[in-house]
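Quick notes on the structure that follows.
The values are calculated or read from the model by the stated rules, or taken from the named source; none is laboratory data. As the structure is a computational prediction, the values presented were derived from the model and not from experiment. Backbone-built Cβ (ideal geometry, glycine too); neighbour counts: all protein chains shown. Side chains are part of the model used for accessible areas, which takes the heavy atoms of the whole protein and leaves out ligands, DNA and RNA. Shrake-Rupley method; radii C 1.70, N 1.55, O 1.52, S 1.80 Å.
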Amino acid sequence: MRSSNKRSRNKNNRNRPNSVGNVVNRVFDSSGPEGKVRGTPQQIIDKYNQLARDAQLSNDRVNAENFQQHAEHYMRLLSEAQREQDARREQQERENRDRQAQRDADRAARGDQDDGAQATNDPADSPQPDVIDTSDDSNDSGLVETPEAKAEEKPKKPRAPRKPRKKPEPKAEDAPAETATPDAAE
């Protein structure tokens, strides 16, 4: 006799919606006429198709039809799961495209606002400095002087060697305190 606990657990499991998203990779135990067949839906379909071919070769039409029906059941299960996955994937892609279109529209709106602000502060509209021609200097290489180049010109003084540190001597406060005996406390 079954216990009521087990029955109630199974009953609760039936109330949950079927999660079809994992059916493609889920491992099933199929109790067929030849015993148990275990595997993913695709593996079970292949196994039942093979059993159906073997039964056909041995002129057992009844078993061949039975195996084909088992294979067809798992084929329906698999195709339904794949159809739902495809629908879910298309829905996600549609949502992603909509979000991207919204982001692009927001960027374009911000860009229009920035263009309006930039039109008043455009550096091309401000007066430009005159360009000085320095091509008459024959010894100038045309390179810009940088702080790094100046640093290379100055020789650095060698650094004085470091003096070794002295280890600090333990202080009297750091010494372990003597523990009082219970007799002395009385």
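Cβ-Cβ distances below 7 Å connect the following pairs, each with a first residue in the stretch 73-86 that is under 20 Å from G32 (Cβ atoms) and touching a residue at least 24 places away in the same chain (Cβ under 8 Å), a second residue that is part of a helix (DSSP H, G or I) and open to solvent by 80 Å² or more (accessible area, probe 1.4 Å), and a separation of six or more residues or different chains: L78/Q42.
Among the residues of the stretch 28-50, those identified as closer than 21 Å to R76 by Cβ and exposed (fewer than 14 other Cβ atoms within 10 Å of the Cβ) are D29, S31, P33, K36, R38, Q42, Q50. Only residues that are under 18 Å from V27 (Cβ atoms) and open to solvent by less than 80 Å² (accessible area, probe 1.4 Å) were counted in the stretch 64-73, giving 2. Taken together, R76, R88, R53, R61 contain a single residue that is surrounded by fewer than 15 Cβ atoms within 10 Å (Cβ to Cβ) and within 28 Å of the chain's Cα centre (by Cα), which is R88. Output yes when any residue across the stretch 133-144 is in contact with an Asp or Glu (Cβ under 9 Å, 6 or more places away or on another chain), modelled with pLDDT under 70 and either over 30 Å from V24 (Cβ atoms) or aliphatic (A, V, I, L, M) (or both), and no when none is. Scanning the stretch 133-144 turns up at least one residue that is in contact with an Asp or Glu (Cβ under 9 Å, 6 or more places away or on another chain), modelled with pLDDT under 70 and either over 30 Å from V24 (Cβ atoms) or aliphatic (A, V, I, L, M) (or both).
Residues are listed down the side, and each one gets a yes or a no for (1) over 30 Å from V23 (Cβ atoms); (2) modelled with pLDDT of 90 or more; (3) assigned to a helix (DSSP H, G or I); (4) of a type in the set (V, I, T):
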position	(1), (2), (3), (4)
A101	yes, yes, yes, no
A109	yes, no, yes, no
D112	yes, no, yes, no
A149	yes, no, yes, no
P161	yes, no, no, no
K166	yes, no, no, no
D183	yes, no, yes, no
